[in-house]
1. Looking at the range 1-24, which of its residues are among the hydrophobic types (A, V, I, L, M, F, W, C) and part of a helix (DSSP H, G or I)?
2. Among the residues of the range 82-137, write down those that are closer than 17 Å to Asn38 by Cα, charged (D, E, K, R) and in contact with a helix residue (DSSP H, G or I) (Cβ under 6 Å, 6 or more places away or on another chain).
3. Give the residues of the range 83-105 that are free of Cβ contacts under 8 Å to residues at least 60 places away in the same chain and closer than 21 Å to Glu49 by Cβ, sorted by residue number.
4. Here is a list: Trp41, Trp119. Which entry is surrounded by 17 or more Cβ atoms within 10 Å (Cβ to Cβ), under 13 Å from the mean Cα position of the chain (by Cα) and either assigned to a strand (DSSP E or B) or not hydroxyl-bearing (Ser, Thr, Tyr) (or both)?
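We did not get these values from a lab; they are worked out from the coordinates using the rules stated. Please read all numbers here as calculations on a predicted model, not as lab measurements. All Cβ positions, even for glycine, are placed from backbone atoms using ideal geometry, and neighbour counts span all protein chains on display.
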Amino acid sequence: MFRGPAEDRQMIAELNGTYADGVVRKDPATWGSVWAENATWDFFGNLFEGKEAIVGFWSQAISGIEAVSFHCVPCMVDVTRDTATSRVQTQEILHMKDGKTRVVGGLYEDELAKIDGAWVFTHRKFGIVAEYNPQEG
């Protein structure tokens, strides 16, 4: 379901592209630019509050990854004036620094706000839909 102005939905799709670019390049500044200052992130039931805490945790987590391929596809965007909700499917291939590989399909459930003309995430909830670890057979 995609509802709301096409321009806003395109901006939200591009916001997800910026997020993915930050992940692949392991760049906290790029990745952090998509969050509202007072955002919350529910990551496997662990709630991080505020952009600084979110980016701090992410920077620590990404440090254990040697390389990552990250793709995300918005599968639902519903815009109502200056707020929106969305669902975004992700596919990740992670090469960990310990030599292990993980292949993860995930789902974000998002709340967004348009602040000063730019869309940002105000809340993201992430969960794994499916995972494959080749080294486990």
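1. Ala6, Met11, Ile12, Ala13, Leu15, Ala20, Val23, Val24
2. Result: no residue meets the conditions.
3. Once the filter is applied, which keeps residues that are free of Cβ contacts under 8 Å to residues at least 60 places away in the same chain and closer than 21 Å to Glu49 by Cβ, the range 83-105 yields Thr83, Thr85.
4. Working: Trp119 fails: under 13 Å from the mean Cα position of the chain (by Cα).
Answer to the selection: Trp41.
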